[in-house]
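*Asks:* Here it is: the structure, laid out below.
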Amino acid sequence: MFSIKTITPVSAETLFSSLKTEFADYVNSRLGSNLAVEFAHVQDIINISFAEVIGVTTFTITVTGDELTLTHAPGGAEHNTALLEQHLTDFLNEKVS
């Protein structure tokens, strides 16, 4: 689990929109790949999966008024996702810091 304090409060809807429109290009440009990234959003929870690599939800982001919490989703933790997590964390830091 990793928490990011937000300097500017962000809603789950705003973050979800930003992830959907920008994150795939962001991570693919850094990895030199063409990964498909899938997102699901319900209330303050955003699930992220890389279905081509890992067939289950990989990360869950919980959005509160002043913090984002990034956790490995059940089933995603047994895969080596450190590089994906680092790029996701960098992206989130850019958006809320």
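*Asks:* Suppose we filter Ser49, Ser11 for residues that are in contact with a Ser or Thr (Cβ under 6 Å, 6 or more places away or on another chain), polar (S, T, N, Q) and on the phi < 0 side of the Ramachandran plot; which single one remains?
*Replies:* None of the others qualify; the one that does is Ser49.
*Asks:* Suppose the filter is modelled with pLDDT of 90 or more and either in a strand (DSSP E or B) or not β-branched (Val, Ile, Thr) (or both); does Leu84 pass it?
*Replies:* No.
*Asks:* Moving on to the next point. Could you tell me which of the residues Thr57, Thr64 is among the polar types (S, T, N, Q) and over 17 Å from Thr8 (Cβ atoms)?
*Replies:* Being among the polar types (S, T, N, Q) and over 17 Å from Thr8 (Cβ atoms) holds for just one of Thr57, Thr64, which is Thr57.
*Asks:* Those residues that are aliphatic (A, V, I, L, M) and either in contact with a His (Cβ under 8 Å, 6 or more places away or on another chain) or surrounded by fewer than 15 Cβ atoms within 10 Å (Cβ to Cβ) (or both), I need them from the stretch 19-44; list them, please.
*Replies:* Val27, Leu31, Leu35, Ala36, Ala40, Val42
*Asks:* Quick test for you: out of Val27, Val56, Val42, Val10, pick the one residue that is over 15 Å from His87 (Cα atoms), aliphatic (A, V, I, L, M) and touching a helix residue (DSSP H, G or I) at 6+ places or on another chain (Cβ under 8 Å).
*Replies:* Val10
For (1) at pLDDT below 85; (2) not in a helix (DSSP H, G or I); (3) not basic (Lys, Arg), each residue gets a yes or a no:
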{"residue": "Pro9", "(1), (2), (3)": "yes, yes, yes"}
{"residue": "Phe16", "(1), (2), (3)": "no, no, yes"}
{"residue": "Ala24", "(1), (2), (3)": "no, no, yes"}
{"residue": "Phe39", "(1), (2), (3)": "no, yes, yes"}
{"residue": "Glu52", "(1), (2), (3)": "yes, yes, yes"}
{"residue": "Gly76", "(1), (2), (3)": "yes, yes, yes"}
{"residue": "Asn80", "(1), (2), (3)": "yes, yes, yes"}
{"residue": "Asn93", "(1), (2), (3)": "no, no, yes"}
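*Asks:* Quick check on Leu84: is it under 15 Å from Lys95 (Cβ atoms), touching a helix residue (DSSP H, G or I) at 6+ places or on another chain (Cβ under 8 Å) and buried (at least 17 other Cβ atoms within 10 Å of the Cβ)?
*Replies:* So Leu84 fails the test.
*Asks:* Residue check, Val63 against (1) within 18 Å of Gln86 (Cβ to Cβ); (2) among the aliphatic types (A, V, I, L, M); (3) touching a residue at least 40 places away in the same chain (Cβ under 8 Å), all met but one. Which one?
*Replies:* So Val63 meets the others, but not (1).
*Asks:* Got at least one residue in the stretch 30-38 being in contact with a strand residue (DSSP E or B) (Cβ under 8 Å, 6 or more places away or on another chain) and of a type outside the set (D, E, K, R)?
*Replies:* Yes: the stretch 30-38 contains one or more residues that are in contact with a strand residue (DSSP E or B) (Cβ under 8 Å, 6 or more places away or on another chain) and of a type outside the set (D, E, K, R).
The values are calculated or read from the model by the stated rules, or taken from the named source; none is laboratory data. Remember, it's a predicted structure, so these values are computed and weren't measured experimentally. Virtual Cβ from ideal backbone geometry, glycine too; neighbours counted across all protein chains shown.
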